[in-house]
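A quick write-up on the structure given underneath.
The values are calculated or read from the model by the stated rules, or taken from the named source; none is laboratory data. None of these values were measured; they are calculated from a predicted model. Because the Cβ atoms are built from the backbone with ideal geometry, glycine has one as well, and the counts that use them run over all protein chains shown. For the accessible areas, the whole protein counts, side chains as well, though only heavy atoms, and no ligand, DNA or RNA atoms are used. Shrake-Rupley method; radii C 1.70, N 1.55, O 1.52, S 1.80 Å.
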Amino acid sequence: MKNLIIILFGKNEEILHTLQRIITGTNGWQAVIQQDLSTCKKYLSSYPVDILLLSSGLSTLEETEIMDHLSYLDHPIGLIKHYGGGSGLLKNEIYSLFPDLIPGK
């Protein structure tokens, strides 16, 4: 099974911790919380990351800057804009980027 590293970038700490709990509850998935644009960019540039998940509270400028930053990286990173919904929706968004990880396949 492929391990996934997912960056959770947003401003609402409570929501980010909930997302982190859901993600880390899946075997092999790790979630790192980032709330600062500059720190998030540095992390994405320095570590192997599979997914950047945008969460609530970001300004339009922050979203644009972080998405632009992805195009400068040497490795592809999946992008999910997740602004609500249950844990099933979140997992389906992740599986849509990595369909080989769908249980039972």
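For residues that are among the small types (Gly, Ala, Ser) and closer than 22 Å to Glu14 by Cβ, tally how many sit in region 46-105. If you could, list the steps in order and put the result at the bottom.
Just the residues of region 46-105 that are among the small types (Gly, Ala, Ser), to begin with: 46, 55-57, 59, 71, 78, 84-88, 96, 104.
The next check asks that each one be closer than 22 Å to Glu14 by Cβ; those that pass are 55-57, 59, 84-88.
Number of matching residues: 9.
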Taking region 51-77, which residues are more than 14 Å from the chain's Cα centre (by Cα), acidic (Asp, Glu) and outside any loop (DSSP other than H, G, I, E, B)? Glu62, Glu65, Asp68
Criterion first (outside any loop (DSSP other than H, G, I, E, B), among the basic types (Lys, Arg) and open to solvent by 30 Å² or more (accessible area, probe 1.4 Å)) does Lys41 satisfy it? yes
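Looking for whichever is among the polar types (S, T, N, Q), open to solvent by less than 70 Å² (accessible area, probe 1.4 Å) and assigned to a helix (DSSP H, G or I) here; the options are Thr26, Thr18. Which one fits? Don't jump to the end; show me each part of the working.
On the way: Thr26 fails: assigned to a helix (DSSP H, G or I).
Going through Thr26, Thr18 in turn, just one is among the polar types (S, T, N, Q), open to solvent by less than 70 Å² (accessible area, probe 1.4 Å) and assigned to a helix (DSSP H, G or I): Thr18.
Would you confirm, using the coordinates I've provided, whether Tyr95 is part of a helix (DSSP H, G or I), free of Cβ contacts under 8 Å to residues at least 24 places away in the same chain, of a type in the set (Phe, Trp, Tyr) and open to solvent by less than 60 Å² (accessible area, probe 1.4 Å)? Before you say what the answer is, go through the steps one by one.
Details: part of a helix (DSSP H, G or I): yes; free of Cβ contacts under 8 Å to residues at least 24 places away in the same chain: yes; of a type in the set (Phe, Trp, Tyr): yes; open to solvent by less than 60 Å² (accessible area, probe 1.4 Å): yes.
So Tyr95 fits the description; yes.
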Return the pair list, or none, for Cβ contacts closer than 7 Å from residues in region 56-83 that are among the polar types (S, T, N, Q) to residues that are surrounded by 10 or more Cβ atoms within 10 Å (Cβ to Cβ), at least 6 apart or on different chains. Ser56/Gly10; Ser56/Lys11; Ser56/Asn12; Ser56/Ile15; Ser56/Tyr83
Quickly run through region 18-44 and pick out the residues that are more than 13 Å from the chain's Cα centre (by Cα) and among the hydrophobic types (A, V, I, L, M, F, W, C). Leu37
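Name the residues in region 1-12 that are under 21 Å from Thr64 (Cα atoms) and not in a loop (DSSP other than H, G, I, E, B), would you?
Ile6, Ile7, Leu8, Phe9
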